[in-house]
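Some notes on the structure that comes next.
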Amino acid sequence: MNRRTALMSMAFLGLVACTFPQVSFAQSSLAGTWKLNIEKSKFTGTPLRSQTNTYQQDGQNIKGTVQIADVQGNATTTVLIHIYDGQPHPLTGSPNYDARSYTRVDANTLVSASMKAGKLVQVATIVISPDGKTFTTTSTGIQTNGFMGTNIQVYEKQ
């Protein structure tokens, strides 16, 4: 095998290895509607009244719509895209974040980094249960409610 063929084969295998896990994660684990279980969650500062996350397949990526009501009943809707490349991508509707990056650790684990004006303001680990019925987000930094600290939020698939 000549050098060019060997390099092309390695590049192709690398592309396949990087692409298929992302597709299987996006299709099998996160798509659907998830509701925050307030009782099972722990918040820094004031807890939220409610949160519903809806994830839809968008090619290899996932489009997320997050609807939040704070304790006063004020509603916000954030729209974001899960692109598992570790690079920040814009999100809309959040007063605390304007971009977020996602990195896939394994089939049920993600790490996200939230930014505001190019500055890292929050890091989170998202773990989907093996049965796919719940996911838990542990986040440190500026929270959705504006407080600085660590939140543990438990979501249940609807």
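General observations
- Charge tally in the Cβ shell below 14 Å around ASP131, where Lys, Arg are +1 and Asp, Glu are -1, ASP131 excluded: +1
- Relative contact order (%) - criterion: Cα under 8 Å, at least six apart; region: the range 92-158: 22
- A DSSP coil position with no more than 16 other Cβ atoms inside 10 Å describes the following trypsin sites (Lys or Arg not before Pro) in the range 28-101: ARG49.
- Between amide H atoms placed 1.01 Å from N, distances below 5 Å from ILE81 occur with GLY64, all of them 5 or more places distant or on a separate chain.
- Between THR52 and GLN87, the FRET efficiency from the beta-carbon distance, with R0 = 35 Å, is close to 0.85.
- Of LYS35/LYS63; LYS40/LYS133; LYS40/LYS116; LYS40/LYS119; LYS119/LYS157, pairs whose Cα-Cα distance is over 24 Å: LYS40/LYS116; LYS40/LYS119; LYS119/LYS157
- Spacing of the two label points (7 Å from each Cα toward its C-beta) at ASP131 and LYS42, in nm: 2.3
- Site pair VAL105 and LYS35 shows an inter-label distance of 2.8 nm when each label is modelled 7 Å from Cα along Cα→Cβ.
- Close amide H pairs (under 5 Å, H built 1.01 Å from N) link SER41 with VAL154, residues at least 5 positions away or on another chain.
We did not get these values from a lab; they are worked out from the coordinates using the rules stated. Because the structure is a prediction, the values reported are computed rather than measured. Here Cβ is always computed from backbone atoms with ideal geometry, including for glycine, and neighbour counts include all displayed protein chains.
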